[in-house]
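Here is the structure we will look at.
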Amino acid sequence: MAKGVKPRVKVPKSAKAGEAIVIKTLISHKMESGQRKDKEGNIVPRSIIHRFTCDFEGQNVIDIILAPAISTNPYFQFEAAISHSGEFKFTWYDDDGEVYEEIRAINVT
Amino acid sequence: MKKLAIITVTVFLSIKAASADPDNDSLIINDDIQLVTETAAPIHLENLDTIYSGWRFRTDETQALQVDDFDNPAMVFVDKAIDLFNTIDGIEGKACVSCHESVAQFRGLSAIMPKVIDGELVVLESFINDHRDQVMGAEPWKWSGEKMQSMVALIGLQSRGMPVNVKIDGEARPYWEQGKEMYYTRFGQLQLSCANCHEDNYGKMIRADHLSQGHANGFPTYRLKQAKLISRHNRFRGCIRDTRAETFAEGSDEFKALELYLASRSIGLTVETPAVRQ
Amino acid sequence: MQFTRRQTLIAGSGLIAATLLPISAIAASYPDVGVPDDFTGGSPVSSGDITLDTPEIAENGNTVPIRVVAPGAVEIRVYAMGNPLPGVTAVSFGALAASQSTSTRVRLAGTQDVLAIAKMADGSFISTSNQVKVTIGGCGG
C-alpha cells in the first residue's frame, strides 16, 4: 500500500438477524486539504481519500463522499442490519488512484 | 499578533485567571481498564498534594476519544507498529520478533522508564535505536518520526494501567536532580519555568488552553492539533520554544533527565499510553 | 488565467495542455459535496426530524467530532459554512443501513455554523444547524 495507509475496522463477530450492528472504521491518511501553503508559499496539492463505501454481499450499507474538511485519519461510525451470515466489504478511494479494501466476516444467528 | 500573544500570556499568568479545576470524570478504557487519574502526590513532590492526569483537564469530546480503543486514532499507529515489530530490517536480517517473541513481554517496561543501564540514563527511544543499531544492523529511526513513536506507543500500551514507578535513587539520583533543576529553571524571553504553568497555575486558562499538571504518562500522545503521535521530547521542545527560548534537542541528555524527573512526578498515576490530547 | 476542464481540452493536446492543466481541473473530476444549493437545487428546506450533535466548544478545530441522524433520509450532507470550501461530507444510505446516522470528525477553520441537510425518500429536504466555537491559541507543539 502506498504511503503506509492502514485501515482499521470494527465489526462484531456475530449478530442476530435484523439487529442494528454498530460498525466503526478508521484509515490512516494525511488528508492533505489543498488549502495549505508550503514554506515557499506554494499551495500543497490536495491529496485525500474522497470516497468510502461499505457493502454486504453486494448490497450497499453506506456510500460516503469525503471533502477536504474531513479530518486526518478519517473515521466513520454507522449502523447496518443484515439477515444472514456473510462478508462486509469496506472500500476507500484515494485521490492518487489507490483503492484500499478490507473484508470482515460476520456470523448471523 | 505575536506581541499581543505574549502580553496575553503574561497577563493571564500574573492575574491568576479564573480557576477551572480538573473535572470529576473517571477514565475506564473499553469498559475494562480502570486508570488512576487522581492520587496523592509522591513524597518528593513538595509543592503539590494531589496529582491529576492531563485527561482530567480536557473537554468531554476529547476525553471520549481515549475511552474506547477503536475511537482512539493513536491505535492505527499501534497497529502499524505491530507490523514493524514483525518486519525484518537491517543487515543482520532480523526483526524485533526474532529476539522478542511477543511485544507482550515488554509489559511493565514503560512504567519504569527512563532508567539507568550500565551507568547511562536510557529512555525508550534510545533503547530501541540501540537495538536497531547493535542487534539488527539497521538505520536508527528519527526520534519523533512515525515509526519510532508508533513503536514507543506499542511498547507503552503493554504497560497501560500499571502505576508509573521510576527509580529515582542510587545511580538515577544525579539525573533526577538535573531534571528537577531544569523543571524549576525559568527559560526564554518570557522567563517561564515548567513549574510556572504546570505547578503554580494548572487548572487555569493560558489563552485558549486549559493548563494541566504536565504529566507525561500518556505519551506518545495523539494530538488533535497535529493529528499524529507526539513524542515527549517534541512536547518539551514545544513548551520551551513557547517561552521564546532556544530549546534543547530531542534525545539530548537534558531532555532525558527532564523525562526522568517528570516521570517521577507521575508516580502513582497509571501509564495511559497512547493518550489523546487537544 | 483560468482554464475550465473543457477549455483545456479544447486548447489542444500534448505538452501545452499538460503543462497548463490547473489543479482545480484535476480536482473537479472527483465527486464533490459542493454547496447547499447543489444538493437542494433551490427546493425549499424545512425543519424536521434531523439531529446534529456537535461540541459547543471544540478544543481543536482540526478534529471536531460530529454525529448526524435523520430517520428516513436517503442522503445527508454536512456543510461547514465558515470553511474555504463549505462541503464536508455527503452520506448516502443503502438498503442495509440500520439507521440513517453517522459519526465522523471534521475540520473547522474557526468558530462557525455547521449545517446538515437531509434528502428524504419523497424528495423533500430538511435541515438543522449548530454553532461550534473553535478555540484558537494556547500552546503549540
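The values are calculated or read from the model by the stated rules, or taken from the named source; none is laboratory data. Remember, predicted model here, so these are calculated numbers, not experimental data. No Cβ is skipped: glycine too gets one built from the backbone with ideal geometry, and neighbour counts run over all protein chains shown. The area values use the complete protein model at the heavy-atom level, side chains included, leaving out ligands, DNA and RNA. Shrake-Rupley method; radii C 1.70, N 1.55, O 1.52, S 1.80 Å.
Note that the protein assembly as shown carries a Kirkwood radius of 25.2 Å, evaluated over its alpha carbons pair by pair. Close Lys pairs in the range A:1-85 (alpha-carbon distance under 28 Å; sequence gap of 8 or more, or different chains): 12.
Amide H contacts for C:VAL74 (H built 1.01 Å from N in the peptide plane; partners 5 or more residues away or on another chain; cut-off under 5 Å): C:LYS119, C:MET120, C:ALA121. A 1.4 Å probe run over the range A:6-108, with the rest of the protein chains in place, finds 43 Å² accessible per residue. Peptide C:105-112 has a mean of 4 when you count, residue by residue, the C-beta atoms of other protein chains within 10 Å of its C-beta. When the charge dipole of the range B:75-157 is built from unit charges on Cβ atoms (+1 for Lys and Arg, -1 for Asp and Glu) and taken about the Cα centre, the candidate among B:GLY90, B:MET148, B:GLY137 whose Cα reaches farthest toward its positive end is B:MET148.
Around the amide H of B:THR221, modelled in the peptide plane, lie the amide H atoms of B:ILE230, all under 5 Å away and 5 or more residues distant in sequence or on another chain.
Residue by residue along C:58-69, Cβ atoms of other protein chains within 10 Å of the local Cβ number 6 on average.
The alpha carbons of the range B:208-278 give a radius of gyration and a Dmax of 12.1, 33 Å, in that order. For A:ILE49, the residues whose amide H sits under 5 Å from its own are A:MET31, A:ASP95, ignoring neighbours fewer than 5 places away on the same chain, with H placed 1.01 Å from N. Taken one residue at a time, the phi angles of the range B:78-88 give Karplus couplings (6.51, -1.76, 1.60, θ = phi - 60°) of 4, 4, 5, 5, 4, 4, 4, 4, 9, 9, 5 Hz. Gly and Pro are set to x. Per-residue Karplus couplings for the range A:36-43, computed as 6.51 cos²θ - 1.76 cosθ + 1.60 with θ equal to phi - 60°, are listed in order as 8, 10, 7, 4, 7, x, 8, 5 Hz, Gly and Pro entered as x. Interface burial in the range B:55-92 reaches 20 Å² or more for B:THR59, B:GLU61, B:LEU65, B:ASP68, B:PHE70, B:ASP71, B:PRO73, B:VAL76, B:ASP79, B:LYS80, B:ASP83, comparing the full protein assembly with the chain by itself; accessible area from heavy atoms with a 1.4 Å probe. Chains A and C together bury some 2600 Å² of accessible area, summed over both sides, with a 1.4 Å probe. A simple rule links phi to the HN-Hα coupling: the Karplus curve 6.51 cos²θ - 1.76 cosθ + 1.60 with θ = phi - 60°, which for the range B:193-209 gives 9, 3, 5, 4, 8, 8, 10, 7, 10, 4, x, 9, 9, 10, 6, 8, 9 Hz, with x for Gly and Pro.
Let me know the shape class of the range B:66-219, please: from the alpha-carbon gyration tensor, a ≥ b ≥ c as square roots of the eigenvalues, rounded when a/c is under 1.5, otherwise prolate if a/b is greater than b/c, or oblate. Verdict is prolate for the range B:66-219.
A straight line joining the Cα centroids of the range B:47-75 and the range B:81-154 runs 26 Å. At a probe radius of 1.4 angstrom, the accessible area of the range B:75-157 per residue rounds to 47 square angstrom.
Of the accessible area of the protein assembly as shown, computed with a 1.4 Å probe over protein heavy atoms only, carbon and sulfur atoms account for 51 percent. Take each residue in B:223-233, count the other chain C-beta atoms within 10 Å of its C-beta, and the mean is 4.
When DSSP assigns beta bridges and you keep just the ones with both residues in the protein assembly as shown, what percent turn out antiparallel, to the nearest 5? In the protein assembly as shown, DSSP labels about 90 percent of beta bridges as antiparallel.
Solvent-accessible area lost on pairing A with B (1.4 Å probe, both sides summed) amounts to about 1200 Å². The equivalent ellipsoid that matches the C-alpha gyration tensor of chain A spans semi-axes of 32, 12, 11 angstrom, in descending order.
Rounded to the nearest 0.05, the FRET efficiency derived from the C-beta distance between B:GLU177 and B:ARG241 at R0 = 22 Å is 0.35. Using the Cα coordinates of the range C:43-119, the gyration tensor eigenvalues translate into equivalent-ellipsoid semi-axes of 22, 14, 11 Å, sorted from longest to shortest. When only alpha carbons are used to place a centre, the range C:74-120 and the range A:33-109 end up 14 Å from one another. If each residue of separation counts as 0.36 nm, what is the full-extension length gain between B:THR87 and B:ASP32 once their alpha-carbon separation is subtracted? Residue separation times 0.36 nm, minus the Cα-Cα distance, leaves 16.7 nm. The long axis of helix B:173-183 is offset from the longest Cα principal axis of chain B by roughly 40 degrees. Restricting to the range C:47-141, compute how many DSSP beta bridges are antiparallel as a %, nearest 5. For the range C:47-141, the DSSP antiparallel bridge percentage is about 95. As a test, work out the antiparallel percent of DSSP beta bridges whose residues both lie in the range B:135-278, rounded to the nearest 5. Taking every DSSP beta bridge within the range B:135-278, about 70 percent pair in antiparallel fashion.
Overall, the protein assembly as shown carries a charge dipole of about 1100 debye about its Cα centre when +1 sits on the Cβ of Lys and Arg and -1 on the Cβ of Asp and Glu, all other atoms neutral.
A simple packing score, the average count of other Cβ atoms within 10 Å per residue, orders the peptides A:9-17, A:69-77, C:40-48 as A:69-77, A:9-17, C:40-48, with the highest score first.
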